[in-house]
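Only one structure is covered here, and it is reproduced in the block below.
The values are calculated or read from the model by the stated rules, or taken from the named source; none is laboratory data. These figures come from a predicted structure and were not determined experimentally. Methodologically, a virtual Cβ is constructed for each residue, glycine included, from the backbone with ideal geometry; neighbour enumeration extends over all protein chains shown. All accessible areas refer to the heavy atoms of the entire protein, side chains included, with ligands and DNA or RNA removed. Shrake-Rupley method; radii C 1.70, N 1.55, O 1.52, S 1.80 Å.
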Amino acid sequence: SVVELLKKLDAAQNLTAFDEARALIAAAGKECIPQSSPGATDRWVDIFMARHFSVRRAGKTLATVGVEFNLTRERVRQIAEAFEAVFRRSPAISPSLDRALEAVARIAPCDVEEANEQLGRFLGDGAGVESLISWAAIIGNSATGLRTHRVRRRLRGNLVDVTLVEHTQTLSWLRPLINHVSRDTLMFGCTNVLRIAGHLAISEEVAPGRESIES
């Protein structure tokens with residue numbers, strides 16, 4: 001029995017964050033509708049997963065999930081709230097999620113799409129950084145120190161909206177940094193770390209350091 005338990009623990013430790021989330025949500029489903037058939041429980045799990053998990057965003061809207069499963073927006077909301085209530089009562093332990101978010105923290109600040117591509121082996125096939133940060137909050141893991149932030153950048157002469165993932169402590173200087181870089185490159189065609197560090201020191205009274213500025 002001990003050997004079998006250790007095998008299960010080892011397998012759980014090697015799950016991706018997405019697979020771990022599905023296992024936790026499936027367990028919560030048994031509490032949400034304990035007298036239901038396995039097929040009905042699986043459907044509820046699929047609805048909740050669709051609501052909160054996506055590769056590119058933090059899940060889908062209530063209306064979108066409703067159309068997908070032939071339900072009203074209100075019914076989707078009720079199902080999602082039933083799962084969330086379970087996690088509020090019993091916050092989940094999530095080593096795979098912790099490992100994935102620690103990996104994200106090591107490369108932040110960065111473009112969310114770049115993080116999804118680089119860290120796919122930790123995240124899993126069905127989840128991106130944005131949905132995992134949101135998922136961490138649902139299960140009571142508020143110590144991630146990460147958040148996403150949308151900015152506008154110029155790419156090949158066009159303005160495009162980009163989502164960055166960043167440490168909460170960098171929010172005070174990250175936007176000014178982007179503004180300084182954008183202004184320099186528009187005026188002079190280029191810039192450098194020393195010049196940007198000077199801007200931040202004078203205007204924001206912060207000194208993030210070369211490594212942070214370059215990343």
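Could you tell me whether Glu31 is among the acidic types (Asp, Glu), modelled with pLDDT under 95 and under 21 Å from the mean Cα position of the chain (by Cα)?
So Glu31 does not fit the description; no.
Hey, does the range 76-83 have a residue that's closer than 22 Å to Ile133 by Cβ, touching a Phe, Trp or Tyr at 6+ places or on another chain (Cβ under 9 Å) and of a type in the set (Gly, Ala, Ser)?
Yes: one or more hits.
Of all residues being without any contact (Cβ under 8 Å) to a residue 60 or more places away in the chain and open to solvent by 50 Å² or more (accessible area, probe 1.4 Å) in the range 119-148, which is nearest to Gly209 (Cα to Cα)? Just the residue, please.
Taking the candidates together, the pick is Arg147.
Pull up the range 180-215, narrow it to residues that are modelled with pLDDT under 85, open to solvent by 30 Å² or more (accessible area, probe 1.4 Å) and not in a loop (DSSP other than H, G, I, E, B), then point me to the one that is nearest to Ala108 (Cα to Cα).
Applying the filter and picking the extreme gives Ser212.
Answer yes or no: is there a residue in the range 40-60 that is modelled with pLDDT under 90, over 26 Å from Thr148 (Cα atoms) and in a helix (DSSP H, G or I).
Yes, there is a match, as at least one residue in the range 40-60 is modelled with pLDDT under 90, over 26 Å from Thr148 (Cα atoms) and in a helix (DSSP H, G or I).
Give me a count of the residues in the range 141-164 that are at positive phi and either part of a strand (DSSP E or B) or within 14 Å of the chain's Cα centre (by Cα) (or both).
1
Just one of (1) β-branched (Val, Ile, Thr); (2) touching a helix residue (DSSP H, G or I) at 6+ places or on another chain (Cβ under 9 Å); (3) free of Cβ contacts under 8 Å to residues at least 40 places away in the same chain trips up Val3, so point out which.
(2)
Out of everything in the range 164-174 that is open to solvent by 20 Å² or more (accessible area, probe 1.4 Å) and at pLDDT 80 or above, what residue ends up being nearest to Asp98 (Cα to Cα)?
His167
Could you list, in sequence order, all residues of the range 14-39 that are under 20 Å from Val129 (Cα atoms) and either assigned to a helix (DSSP H, G or I) or of a type in the set (S, T, N, Q) (or both)?
Asn14, Thr16, Ala17, Phe18, Asp19, Glu20, Ala21, Arg22, Ala23, Leu24, Ile25
Scan the range 88-102 and give yes if some residue there is open to solvent by 90 Å² or more (accessible area, probe 1.4 Å), touching a residue at least 24 places away in the same chain (Cβ under 8 Å) and closer than 15 Å to Trp135 by Cα, otherwise no.
Scanning the range 88-102, I find at least one residue that is open to solvent by 90 Å² or more (accessible area, probe 1.4 Å), touching a residue at least 24 places away in the same chain (Cβ under 8 Å) and closer than 15 Å to Trp135 by Cα, so the answer is yes.
Just the residues that are free of Cβ contacts under 8 Å to residues at least 40 places away in the same chain and open to solvent by less than 20 Å² (accessible area, probe 1.4 Å), please, taken from the range 42-78.
Selection gives Val45, Ile47, Phe48, Ala50, Val65, Gly66, Val76.
Which residue, of Ala63, Ala11, Ala115, is more than 28 Å from Thr163 (Cβ to Cβ), assigned to a helix (DSSP H, G or I) and not basic (Lys, Arg)?
Ala11 is the lone residue from the list that is more than 28 Å from Thr163 (Cβ to Cβ), assigned to a helix (DSSP H, G or I) and not basic (Lys, Arg).
If Leu177 passes every condition in (1) touching a strand residue (DSSP E or B) at 6+ places or on another chain (Cβ under 7 Å); (2) more than 11 Å from Leu101 (Cα to Cα); (3) crowded, with 17+ Cβ neighbours inside 10 Å but one, which one does it miss?
Exception for Leu177: condition (1).
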